[in-house]
1. Checking ILE182 against (1) under 23 Å from the mean Cα position of the chain (by Cα); (2) part of a loop (DSSP other than H, G, I, E, B): exactly one of these is not met. Which one?
2. Give segment 42-56 a look and list any residue that's out of contact with any helix residue (DSSP H, G or I) (no Cβ under 9 Å at 6 or more places or on another chain) and not hydroxyl-bearing (Ser, Thr, Tyr), or say none.
3. When segment 251-277 is examined, which residues are found to be at pLDDT 95 or above, part of a loop (DSSP other than H, G, I, E, B) and among the aliphatic types (A, V, I, L, M)?
4. Taking VAL85, is it hydrophobic (A, V, I, L, M, F, W, C), touching a Leu at 6+ places or on another chain (Cβ under 8 Å) and within 28 Å of THR269 (Cβ to Cβ)?
5. Show the residue pairs that are 6+ apart or on different chains and have beta-carbon atoms under 7 Å apart, the first residue being within segment 127-138 and touching a residue at least 40 places away in the same chain (Cβ under 8 Å), the second being surrounded by 19 or more Cβ atoms within 10 Å (Cβ to Cβ) and aromatic (Phe, Trp, Tyr).
6. So which residues in segment 105-159 are more than 23 Å from PHE351 (Cα to Cα), touching a strand residue (DSSP E or B) at 6+ places or on another chain (Cβ under 6 Å) and of a type in the set (Ser, Thr, Tyr)?
7. Out of segment 298-325, which residues are assigned to a loop (DSSP other than H, G, I, E, B), under 25 Å from GLU350 (Cα atoms) and of a type in the set (Gly, Ala, Ser)?
8. Restricting attention to segment 7-40, which residues are hydrophobic (A, V, I, L, M, F, W, C), at pLDDT 95 or above and part of a loop (DSSP other than H, G, I, E, B)?
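The values are calculated or read from the model by the stated rules, or taken from the named source; none is laboratory data. Computed from a predicted structure; not experimentally measured. Heads up, the Cβs are rebuilt from the backbone with ideal geometry, glycines too, and the neighbour counts pull from every protein chain shown.
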Amino acid sequence: MYIILTQCFPSRVGGIESVVSNLALSLGKKNKVIILADRHHIFYDAIFDNKHKDNIVVRRFGGLKFFRRRRKIKELKLLIKSSQVKFVIADTWKSLELCIDYLITNNILTMCLAHGNELFSNKEYKKNRIVSTLAKVSTIVANSNYTRELVKKLIQDKDQIKVIYPGANDLRSIQAENFITIEGDPVLLTLARLDKRKGHAKTIEVLKKLILKFPKINYFIAGEGSEKSNLQKLVSVHNLEKSVYFTGIVNDSQKKYLFENVDLMIMPTLDESDNKSIEGFGISYLEASFFGIPSIASNVGGTPEAVQHDKTGLIISDQEDLYYALTKLLSNKEKLNQLGKNAKKRAIEEFTWEIVSRKYLSLIKS
C-alpha cells in the first residue's frame with residue numbers, strides 16, 4: 001500500500017495538483033494507493049473522487065489548517081498500524097513535517113516532492129523547519145535540476161536528491177469543447193495561473209507593438225488569479241480589448257480546443273524569488289507540445305529544462321528580448337512548424353505519465 005499525503009489535489013487546479021494526481025493515478029493501476037488530501041470544494045472534490053474510485057482511494061480533510069493537518073496524521077498512523085504501508089509520498093515538506101519522526105520510528109520509507117516555491121523563506125525559523133524535515137526524508141524528488149540545486153543549499157546529504165521531470169497530460173484523444181471563438185493570425189496563448197511571475201503583463205505590452213507588424217494577431221489568456229484585474233487594466237490602457245481575450249479557468253476539453261487553434265505558447269516567466277515565487281519547471285509548455293505547439297519562455301528557474309532553446313521553442317535571457325523573439329518566430333512559419341514538430345516528438349517520447357510514472361516506480365523499488 002502506498003500513502004500520498006497532500007495539501008494540493010484536484011478539484012483544486014495547479015501544477016502541483018497535476019503532478020500529484022497523475023502520479024497517484026499511475027501508481028494506482030498496479031498498487032493500492034490511498035490519498036490523504038485537503039478538501040478544496042465539497043461538490044467538485046466528490047466528482048473527482050467518484051470518477052477515480054476504482055483506481056485510488058481519496059480521504060479528504062477540511063476545517064482549520066491546524067486541526068486539519070493533525071487529523072490527517074492521525075489517519076496516517078491508523079493506516080501504519082495495519083502493517084500494510086510500504087511507502088509514503090508527500091507533495092511537499094509541509095505534509096511530512098508533523099509525521100516524519102513517526103515514520104522513521106516505524107521504518108517507513110518516504111519520498112518528498114520538491115517544486116521550487118515552497119523552498120524559499122525569509123524567516124529563519126521557517127527555513128529551519130524546511131531543513132529539519134527534508135534532512136530526514138528517504139528520497140527527495142526535484143522537478144528540475146534547478147530545483148535540485150535549491151534543495152542542495154538546504155541539506156547535507158546530496159545523494160538523497162533525485163530529479164524526475166513531471167509528466168504532462170496528453171489531451172489529444174479527448175473530445176474538444178468549442179467554448180470561445182478563436183480568430184486571428186497568428187494566435188498566442190498563455191495557459192497559467194494569473195500570477196505576476198508568469199509574465200502576462202510583458203506580453204500585453206509587447207502586443208501593442210506587434211500589432212503594427214501582425215495586424216490580425218490575437219492573444220488568449222487562460223486561467224484565473226490575483227493579477228487578473230491588473231492585466232485587464234493594462235489591456236484597457238493599451239486599447240487592446242479587441243486583441244486580448246480572458247477565458248477564465250479551462251477544463252481539459254477546453255484546453256484541447258485552445259491547443260488546436262493557437263500557434264504559439266508564450267510564458268516569459270519572471271524571477272520573483274525575492275518574493276518567494278519562481279517557476280520550478282513549467283508543465284503547460286509540455287501540454288501544448290503534444291499538439292505541436294512551440295513555446296517562448298525565459299531563462300528563469302527551471303523553464304529552460306521544459307523548453308529547449310531553438311529546438312522546441314525559444315528561451316529569452318532578458319524580458320526586453322521578447323518582442324524580437326516573437327517577431328523572429330512569427331515571421332518564419334517554417335521555423336515555427338519545425339520547433340512545434342520537435343516539441344511534439346519530445347513530449348511523446350519523454351513526458352507522458354506512463355513514461356514518467358515508471359521512473360517513480362523504479363526509484364521507489366530501489
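1. Against the list (1) under 23 Å from the mean Cα position of the chain (by Cα); (2) part of a loop (DSSP other than H, G, I, E, B), ILE182 comes up short only on (1).
2. ILE42, PHE43, ASP45, ALA46, ILE47, ASP49, ASN50, LYS51, LYS53, ASP54
3. Within segment 251-277, VAL262 is the sole residue that qualifies.
4. So VAL85 does not fit the description; no.
5. Correct list of pairs: THR133/TRP93; LEU134/TRP93.
6. Across segment 105-159, the qualifying residues are THR110, SER138.
7. Across segment 298-325, the qualifying residues are GLY301, GLY302.
8. Selection gives CYS8, PHE9.
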